[in-house]
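First up is the structure itself, then whatever we jot down about it.
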Amino acid sequence: MAEVAGRVEARKTITGSGEATTGVEGDGTVAERDRQGTAIWSAAVVGLGFAGLPTALALHGRCPRIIGIDTSEDRLGVIATRCAELPGPDRPVLDEALSDRTLELTSDVRVVAEADAVIICVPAHVDGSHLPDLAALRGACAAAVAAARPGQIIILTSTSCVGTTRELLAEPLAARGLRPGTDVFVAFSPEPAGTGDPGQERREIPRVVGGVTRACAGRAAEVVGKLTDQVLPVSTPEAAEAAALYETIFRAVSLALANEFADACATLRVDPIEVTLAAGLGPQSLPGPGLGGHCVPCAPHYLLWQLGHLGQAAPLVEQAMRSIAQRPGKVVDRACEMLAAGGTAPAGAKVVVVGAACRAGVPDVAESPAIPIITGLVARGATVSYFDPLVPILRLPSGQEIRTLRTPHGADFDLAVVHTLHPGTGYSWVAGCPLVLDATYEFGAAPHSVVV
């Protein structure tokens, strides 16, 4: 324990101001460079999706030239017309960055050669069999390597398999004759997992940095220090990649446990919300309809795939991911039970799903449990609509597109399934629905609602 405590104490925080010392031991090069405050005059952000665009905006006011790169012209058009999905505080920043031309938009990845720092934010995915699909990430890294020049700092942020930074960046750069730590500076710094406490700003969330060498760690810390007030250095990019996976898997396992304990509470006839809060666990420990987003539903499968090739099992993680994948089906089963108990057969029933986004306050439907819930109810013969002011159109796996209701009336439906609750949106109409299934465990607008 003393050894662990000593290691934790030794890992000091590099602050965004560049005034604190770093825990990277050695000749003091990193700390000296931080005190000098090396200026990053231009930065390229490759991938302007759910993580990349906020990253580019976080550099506004701290980097005179921000090059936003995305191979999708449609995505660039959405951003240019200020229609991109963003948290409220980021919207005026986008407007200002475009107005003062600090943010340049392009689909030409070769422009990364003009940047002092390159931040790659292209996400990895999993396919229908939960196997890693790194095609987009490989392409982005290959393009960055091809355009790299001496002196650049190249940072990967995409959560993936341990070893990805070295495999897709450090080794190909070295093969080009650009030695990491001498000619270029390569590191991994995962995108922050969440906003933490309500009202917590992005800059308040610490970010981990693992460099290929000590020099890489120091130079990357200078860049990441423009995005956060606390930079936490680790010894290698592999350590940073593993930390990102661990944090993500911890959330997945916690949610699987929360869902299972909520089911236990139902059997024991006690309130799962009351029990969760009495146990000293916060809102992030509450059960729900499943798990959506770009990271948590996917990242654990990178570890499972990698460990499988190494002959190692991770049964707890495997069970957690199975449990999470089955959760939307449980919501469908519970909805059909409620309909039957109320004298309405699921076939022909009118059901409205309240909220389709993968989480509150964003228009993102990546891996949203609402999609398998809607699909499952349709398979049972129900007529299903949805209401989500942030998601005007929802595409189902069949290819069918459905549009959100604009002015729903609860009395028009036999059952409402509450999936996502957006701040500032009115849901009083749901109380008019005779049956309300609350899959969020937080809905208070319908006194007669029941939880899953």
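The values are calculated or read from the model by the stated rules, or taken from the named source; none is laboratory data. Predicted model, so just to flag it, every value in this text is computed and none were measured. So basically every Cβ, Gly included, is an ideal-geometry build from the backbone, and we count neighbours across all protein chains shown.
Inspect the range 251-258 for any residue being touching a residue at least 60 places away in the same chain (Cβ under 8 Å) and under 24 Å from residue 166 (Cα atoms) and give the result as yes or no.
Scanning the range 251-258 turns up no residue that is touching a residue at least 60 places away in the same chain (Cβ under 8 Å) and under 24 Å from residue 166 (Cα atoms).
Keeping to the range 313-324, report how many residues are surrounded by 13 or more Cβ atoms within 10 Å (Cβ to Cβ) and without any contact (Cβ under 8 Å) to a residue 24 or more places away in the chain.
2
Spot the failing condition for residue 92; the list is (1) farther than 20 Å from residue 245 by Cα; (2) surrounded by 14 or more Cβ atoms within 10 Å (Cβ to Cβ), and only one is missed.
Only one criterion is unmet by residue 92, namely (2).
On the given criteria, is residue 215 closer than 30 Å to residue 306 by Cα and assigned by TED's automatic domain parsing to the domain that holds residue 43? Please lay out each step first, then the result.
Details: closer than 30 Å to residue 306 by Cα: yes; assigned by TED's automatic domain parsing to the domain that holds residue 43: yes.
Yes.
Could you tell me which residue of the range 423-452 is surrounded by the fewest Cβ atoms within 10 Å (Cβ to Cβ), considering only residues that are among the hydroxyl-bearing types (Ser, Thr, Tyr), free of Cβ contacts under 8 Å to residues at least 60 places away in the same chain and more than 24 Å from residue 260 (Cβ to Cβ)?
Pass one, the range 423-452, residues among the hydroxyl-bearing types (Ser, Thr, Tyr): 425, 427-428, 440-441, 449.
Then keep just the ones that are free of Cβ contacts under 8 Å to residues at least 60 places away in the same chain; that gives 425, 428, 449.
Checking which are more than 24 Å from residue 260 (Cβ to Cβ) leaves us with 425, 428.
Values: 425: 15, 428: 9.
Ranking the qualifying residues of the range 423-452, first place goes to 428.
Would you please name the residue that is farthest from residue 449 (Cα to Cα), looking only at residues in the range 275-290 that are surrounded by fewer than 20 Cβ atoms within 10 Å (Cβ to Cβ) and modelled with pLDDT under 90? First the steps, then the outcome.
Of the residues in the range 275-290, the ones surrounded by fewer than 20 Cβ atoms within 10 Å (Cβ to Cβ) are 275, 277-286.
Then drop every residue that is not modelled with pLDDT under 90, which leaves 277, 280-286.
Details: 277: 20, 280: 25, 281: 23, 282: 22, 283: 19, 284: 21, 285: 21, 286: 17 Å.
Out of the qualifying residues, it is 280.
Of all residues in the range 353-373, how many are surrounded by fewer than 24 Cβ atoms within 10 Å (Cβ to Cβ) and modelled with pLDDT of 95 or more? Spell out how you get there, then give the answer.
Just the residues of the range 353-373 that are surrounded by fewer than 24 Cβ atoms within 10 Å (Cβ to Cβ), to begin with: 359-367, 371-372.
Going one step further and asking which of them are modelled with pLDDT of 95 or more, we end up with 371-372.
Residues that pass the stated criteria total 2.
Any idea which residue in the range 372-401 is farthest from residue 296 (Cα to Cα), counting only those that are aliphatic (A, V, I, L, M) and part of a loop (DSSP other than H, G, I, E, B)? Steps first, answer last, please.
Just the residues of the range 372-401 that are aliphatic (A, V, I, L, M), to begin with: 373-374, 377-379, 382, 384, 390-391, 393-394, 396.
Filter once more, keeping what is part of a loop (DSSP other than H, G, I, E, B): 382, 390-391, 396.
Values: 382: 30, 390: 22, 391: 21, 396: 21 Å.
Among those that are aliphatic (A, V, I, L, M) and part of a loop (DSSP other than H, G, I, E, B), it is 382.
Among (1) β-branched (Val, Ile, Thr); (2) loosely packed, with under 15 Cβ neighbours inside 10 Å; (3) touching a strand residue (DSSP E or B) at 6+ places or on another chain (Cβ under 8 Å), there is one condition residue 186 misses while meeting the rest; what is its number?
(2)
Select from the range 60-89 the residues that are under 14 Å from residue 115 (Cβ atoms) and modelled with pLDDT of 95 or more and write down the one among them that is surrounded by the fewest Cβ atoms within 10 Å (Cβ to Cβ). Walk me through it before giving the result.
First, the residues of the range 60-89 that are under 14 Å from residue 115 (Cβ atoms): 63-69.
Of the ones still in play, those that are also modelled with pLDDT of 95 or more are 65-69.
Values: 65: 17, 66: 24, 67: 21, 68: 27, 69: 29.
Once the filter is applied, the top-ranked residue is 65.
Report, ordered by the first and then the second residue, all pairs with beta carbons closer than 9 Å, sequence separation of six or more or different chains, a first member in the range 362-374 that is farther than 10 Å from residue 328 by Cβ, and a second member that is in a helix (DSSP H, G or I) and not charged (D, E, K, R).
Matching pairs, first to second residue: 365/371.
In the set 111, 126, which member is more than 24 Å from residue 220 (Cα to Cα) and β-branched (Val, Ile, Thr)? Steps first, please.
Details: 111 fails: more than 24 Å from residue 220 (Cα to Cα).
Result: 126 is the single residue among 111, 126 that is more than 24 Å from residue 220 (Cα to Cα) and β-branched (Val, Ile, Thr).
Only one of (1) buried (at least 18 other Cβ atoms within 10 Å of the Cβ); (2) touching a Lys or Arg at 6+ places or on another chain (Cβ under 9 Å) fails for residue 392. Which number is that?
(1)
Please go through (1) farther than 16 Å from residue 55 by Cβ; (2) at pLDDT 95 or above; (3) under 22 Å from the mean Cα position of the chain (by Cα); (4) among the hydrophobic types (A, V, I, L, M, F, W, C) for residue 175 and return the number of the only condition it doesn't satisfy.
That leaves (3) as the condition not met.
Inside the range 396-406, can you point out the residues that are in contact with a strand residue (DSSP E or B) (Cβ under 6 Å, 6 or more places away or on another chain) and loosely packed, with under 13 Cβ neighbours inside 10 Å?
401, 403
I'd like to verify a number: residues in the range 407-422 that are modelled with pLDDT of 95 or more, in a loop (DSSP other than H, G, I, E, B) and surrounded by fewer than 18 Cβ atoms within 10 Å (Cβ to Cβ), how many?
Final tally of qualifying residues: 1.
Restricting attention to the range 291-312, does a residue exist that is out of contact with any Asp or Glu (no Cβ under 6 Å at 6 or more places or on another chain), more than 24 Å from residue 164 (Cβ to Cβ) and either surrounded by 20 or more Cβ atoms within 10 Å (Cβ to Cβ) or in the same structural domain as residue 444 (by TED's automatic domain parsing) (or both)?
no
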